Amino acid sequence: MNPEILFEDNHLLIINKKAGELAQGDETGDIPLIDSLKDYIKKRDNKPGNVFLGLVHRLDRPTSGVLIFAKTSKALTRMNEMFQKRNIDKIYRAIIQSKPPKNFERLEHYLKKNPKNNKTTVYSKPTADAKKAILEYTYLGALDTFHCVEVKLFTGRSHQIRAQLSSVGCPIKGDLKYGAKRSNPDGSICLHAHRITFEHPVKKEEITIIAPVPKDAIWQATNKFNS
C-alpha cells in the first residue's frame, strides 16, 4: 500500500483515509486499514516482531479524511481519553444537495441507531435510548448545483453529520441512505474529515493536521473556500 501520511513520529501515525477504505474489520471480511498499515510499517521499517497500532477513532467507510492511529499503548490510552473528554477539535467538510436554511447554525438532536439497517434516526426531543448529538455548520458557498459547508463536531455519534444535515433538508452528495438523489460513481459520500487539532499525547504540544480533499473535480472546487 501507499498511504498518504500526514504526520508520523514514534507515538502517532495520521493518514488521509481514502473513501472506501475500511478503518477496522467488519462483517464484510475485507482487509482493514489497521492490518494493512501494520504490514506496511513492518516492511518499511524492517521490524522483526509484531507492530503495535491502535485505532484512535473511526470514520465511516465511504468518508475520507484525517484518521489517527497510535503507535504505542501509552499514546492510545491518552488519545482515547482526549476523545472521550472532547478535548479535540474536529472539522469536516461536506458537499450537500441544498443550500442550508442558515449560514451558521448549531444543531442539537437525539440520535438512535438501528443496527439492523445500520441507519441513525434523528429526534428533536429526548427519546429512549437516543444519545444527544451536537454540531455546528457554517455555509461556505455554492458549487454549481451543490453547496459546501464546514462542520464542527461536539459529539461523536454514529452517522451524526450525515443524519443531522439530512434532518434539516441538506443530505450529503452521494449519501443514498440519508436522502441523496443519486450515488457517487465510486460509492463514496462527499464528507471529508478536513482538519483536527489536539495536544500531542506525549510532547504536549498543540498539533493541527489538515487532510487535502479528494482529487476529483467537485472536491477540488472547494479549495476556493480555504482561508
### Qualifying positions in segment 138-161 - farther than 17 Å from N226 by Cβ and not hydrophobic (A, V, I, L, M, F, W, C)
D144, T145, T155, G156, R157, S158, H159, Q160
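Just to be sure before I move on: is C190 modelled with pLDDT of 95 or more, touching a Gly at 6+ places or on another chain (Cβ under 8 Å), of a type outside the set (S, T, Y) and open to solvent by less than 10 Å² (accessible area, probe 1.4 Å) in the structure I sent?
Values: modelled with pLDDT of 95 or more: yes; touching a Gly at 6+ places or on another chain (Cβ under 8 Å): yes; of a type outside the set (S, T, Y): yes; open to solvent by less than 10 Å² (accessible area, probe 1.4 Å): yes.
In short, yes.
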#### Entry: Residue pairs meeting the criteria (Cβ under 9 Å; at least 6 apart or on separate chains; first assigned to a loop (DSSP other than H, G, I, E, B), in segment 20-42; second of a type in the set (S, T, N, Q) and surrounded by 12 or more Cβ atoms within 10 Å (Cβ to Cβ))
G20/S64; G20/S188; E21/S36; E21/S64
## Note on the structure
Pairs returned, first residue in segment 157-179 that is open to solvent by 40 Å² or more (accessible area, probe 1.4 Å), second residue that is part of a loop (DSSP other than H, G, I, E, B) and basic (K, R), beta-carbon separation under 8 angstrom, 6 or more apart or interchain, are L176/R182
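Residues checked against (1) modelled with pLDDT of 95 or more; (2) touching a strand residue (DSSP E or B) at 6+ places or on another chain (Cβ under 6 Å); (3) over 30 Å from G141 (Cβ atoms):
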{"position": "I15", "(1), (2), (3)": "yes, yes, no"}
{"position": "D30", "(1), (2), (3)": "no, no, yes"}
{"position": "K47", "(1), (2), (3)": "no, no, yes"}
{"position": "L53", "(1), (2), (3)": "yes, yes, yes"}
{"position": "L67", "(1), (2), (3)": "yes, yes, no"}
{"position": "M79", "(1), (2), (3)": "yes, yes, yes"}
{"position": "I88", "(1), (2), (3)": "no, yes, no"}
{"position": "H109", "(1), (2), (3)": "yes, yes, no"}
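Given the criterion assigned to a loop (DSSP other than H, G, I, E, B) and not basic (K, R), identify the matching residue among A133, A142, A128, A94.
Details: A133 fails: assigned to a loop (DSSP other than H, G, I, E, B); A142 fails: assigned to a loop (DSSP other than H, G, I, E, B); A94 fails: assigned to a loop (DSSP other than H, G, I, E, B).
Unique residue meeting the criteria: A128.
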## Note on the structure
The residue that is least open to solvent (accessible area, probe 1.4 Å), considering only those in segment 20-37 that are of a type in the set (V, I, T) and either farther than 13 Å from L55 by Cβ or over 16 Å from the mean Cα position of the chain (by Cα) (or both), is T28
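If only one of P101, P48 is touching a residue at least 60 places away in the same chain (Cβ under 8 Å) and part of a loop (DSSP other than H, G, I, E, B), which one is it?
Working: P48 fails: touching a residue at least 60 places away in the same chain (Cβ under 8 Å).
Result: P101 is the single residue among P101, P48 that is touching a residue at least 60 places away in the same chain (Cβ under 8 Å) and part of a loop (DSSP other than H, G, I, E, B).
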### Query
Pick from F83, F69: which is under 17 Å from the mean Cα position of the chain (by Cα), in contact (Cβ under 8 Å) with a residue 40 or more places away in the chain and surrounded by fewer than 17 Cβ atoms within 10 Å (Cβ to Cβ)?
F83
#### Entry: Subset of segment 41-99 (residues that are in contact with a Phe, Trp or Tyr (Cβ under 8 Å, 6 or more places away or on another chain) and on the phi > 0 side of the Ramachandran plot)
G65, R86
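Out of curiosity, is Y110 within 19 Å of S167 (Cβ to Cβ), in contact (Cβ under 8 Å) with a residue 60 or more places away in the chain and assigned to a strand (DSSP E or B)? Let's see the steps before the verdict.
Details: within 19 Å of S167 (Cβ to Cβ): yes; in contact (Cβ under 8 Å) with a residue 60 or more places away in the chain: no; assigned to a strand (DSSP E or B): yes.
In short, no.
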### Summary
In segment 70-92, residues that are closer than 26 Å to N50 by Cα and acidic (D, E) total 1
### Message
For a quick check of your reading of the model, give me the residue pairs whose first member lies in segment 212-224 and is closer than 15 Å to K18 by Cα and touching a residue at least 24 places away in the same chain (Cβ under 8 Å), whose second is charged (D, E, K, R) and open to solvent by less than 40 Å² (accessible area, probe 1.4 Å), with beta-carbon atoms closer than 8 Å and at least 6 apart or on different chains.
### Response
V213/R93
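The values are calculated or read from the model by the stated rules, or taken from the named source; none is laboratory data. No experiment lies behind these values; they were computed from the predicted model shown. Here the Cβ is made from the backbone with ideal geometry for all residues, glycine too, and neighbour counts use every protein chain on show. Keep in mind that these areas ignore ligands, DNA and RNA; they rest on the heavy atoms of the full protein, side chains included. Shrake-Rupley method; radii C 1.70, N 1.55, O 1.52, S 1.80 Å.
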